[in-house]
Amino acid sequence: MKKGSSIVLFSFLLILCLLYVSPADTGRQKLMGVREVRAEDATVYVSMPDPGKRVVIGNGYYLIYSFDKKPKLGTVIMKVEIFSADGSKDTSFVLRADTDMPSMRGAHATGDRPFVVSKRRDYVLPINVVMPGTWEIKLTVTKDGRTVYKGRHDFNV
């Protein structure tokens, strides 16, 4: 009887080890909170200049983005202003952002979240920075249902 239970225990442990090592086990990845990477996630996002600089988004429009404070642990507010060619603010766009840590792709991803237009006609989005390291914000700007710009900003905490 001891030999039989030892074989069962060894087989069970071997199966657990194989399941843990298998990279194709999406069930284990879901349990661990890892997001599945799909082909549409490979969209190219243009690297954006530093905060405070103009970013041309096409058709005479440009945006300027900033943060309410230097990004650090905790919540930081990202602010985006969109201007037309004549310099007036425009709030007819829809902005969305996904924040994540590239070194731990999917572990801290926020998912695609919409910006809100403030009373000052700025697009704002709170971003939760939960650990030190390199963070990435992927910004998507759409107008009339068409994507007009996709940009990426990396920052270190």
(request) Report the semi-axes of the equivalent ellipsoid for segment 46-156 in whole Å, largest first, where each axis is √(5λ) for an eigenvalue λ of the Cα gyration tensor. (result) 24, 14, 13
(request) Enumerate the calculated ³J(HN,Hα) couplings along segment 50-64 in order (Karplus 6.51 cos²θ - 1.76 cosθ + 1.60, θ = phi - 60°), each rounded to whole Hz, writing x wherever the residue is Gly or Pro. (result) 4, x, x, 9, 5, 10, 6, 10, x, 6, x, 9, 8, 10, 10
(message) Can you compute the equivalent ellipsoid semi-axes for segment 98-154, i.e. the square root of 5 times each eigenvalue of the Cα gyration tensor, sorted largest first and rounded to whole Å?
(response) 23, 14, 9
(request) Quote to one decimal, in nm, the extra length available between Val116 and Thr134 on full extension: 0.36 nm per residue of separation minus the C-alpha distance between them. (result) 4.0 nm
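Any read-out appearing in this document is the output of simple, stated calculations on the displayed coordinates, not a laboratory observation. Everything numeric here is computed off the predicted structure, so don't read it as measured data.
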